[in-house]
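The values are calculated or read from the model by the stated rules, or taken from the named source; none is laboratory data. From a predicted model like this one, the values you see are computed outputs, not experimental measurements. As a convention, Cβ positions derive from the backbone with ideal geometry for all residues, glycine included, and neighbour counts pool all protein chains shown.
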Ligand code: AMP
Ligand code: MN
Ligand code: MN
Ligand code: MN
């Protein structure tokens, strides 16, 4: 089975439209795909969930914060019409807009004016995020790469890393569960936490109804995968996996090119098969 349960379209910070993304999934011979745009389910208005050779699982990636660290929670197999979920998504969209204003103000104080308008030009009318500000900073020559923009201005602990307005971990998990979905802790190694801190996060996540964790995200080494699988066993969590694909130009996160889960994992897709 070729499965990818984490990827993005141009309606958040990916480069492919929803149609281009599903066409790529067909080309890559995927058996199961979940599109998980940041705080958005709009991609599903542009594609027919039953219209493809592969099984399309509805999904989203919610932004939240835990103990002052930005954390992402993927929701899988969600009822897109559920009112609690829809209201939650709407609220996160408002927060995203307010955050963009706050980021622009911070960048303005550093002498980079009109960054909101500049960043918006890199969106396709969907969610605005830090990658769009990063692209604008590259465009005006403030930095030479997107990575540098994150390192200097937008990444963890920098002026543009504004995360205090997001809904709480408890709220985003509730929205996912209300919509009949499974809440998955996304890319656990990206938070650069010690094992003790990651365990504390997992304990809080489980206490509010979290049920799964991404054991494989993008290009993990096998020792990292083994360690994440061990945590799933320890906490009796279901295991998910995904490329976190954003663009064909990022070969380290290629759509559908994700290794298999280790045999000691309980796959999250057992829930809907
Ligand atoms: P946001 O959703 O606005 O908080 O932006 C987070 C997104 O920025 C992530 O989903 C990544 O796509 C991207 N990102 C985060 N850190 C970096 C980085 N260091 N370099 C490039 N892109 C990054
Ligand atoms: Mn992203
Ligand atoms: Mn993420
Ligand atoms: Mn993602």
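Data table
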item	result
Scan of segment 125-141 for residues that are more than 18 Å from residue 158 (Cα to Cα) and either without any contact (Cβ under 8 Å) to a residue 12 or more places away in the chain or away from ligand 4 (no atom under 16 Å from the Cβ) (or both), ordered by number	125, 139, 140, 141
Residue match in segment 192-213 (condition: within 14 Å of ligand 3 (Cβ to nearest atom), touching a residue at least 40 places away in the same chain (Cβ under 8 Å) and in contact with a helix residue (DSSP H, G or I) (Cβ under 7 Å, 6 or more places away or on another chain))	no
Residue identified as within 16 Å of ligand 3 (Cβ to nearest atom) and under 24 Å from residue 16 (Cβ atoms) among 155, 118, 126	126
Segment 1-20 - residue that is surrounded by fewer than 16 Cβ atoms within 10 Å (Cβ to Cβ) and over 20 Å from residue 251 (Cβ atoms) and, of those, farthest from ligand 2 (Cβ to nearest atom)	1
Residue among 183, 134, 119 that alone is in contact with a helix residue (DSSP H, G or I) (Cβ under 6 Å, 6 or more places away or on another chain), away from ligand 1 (no atom under 16 Å from the Cβ) and not in a loop (DSSP other than H, G, I, E, B)	183
Filter result (modelled with pLDDT under 95 and surrounded by fewer than 14 Cβ atoms within 10 Å (Cβ to Cβ)) within segment 193-222	221, 222
Test for residue 218: is it free of Cβ contacts under 8 Å to residues at least 60 places away in the same chain and out of contact with any strand residue (DSSP E or B) (no Cβ under 9 Å at 6 or more places or on another chain)	no
Whichever residue in segment 37-91 is within 16 Å of ligand 1 (Cβ to nearest atom), within 23 Å of residue 269 (Cβ to Cβ) and assigned to a loop (DSSP other than H, G, I, E, B) and, among such residues, is farthest from the chain's Cα centre (by Cα)	41
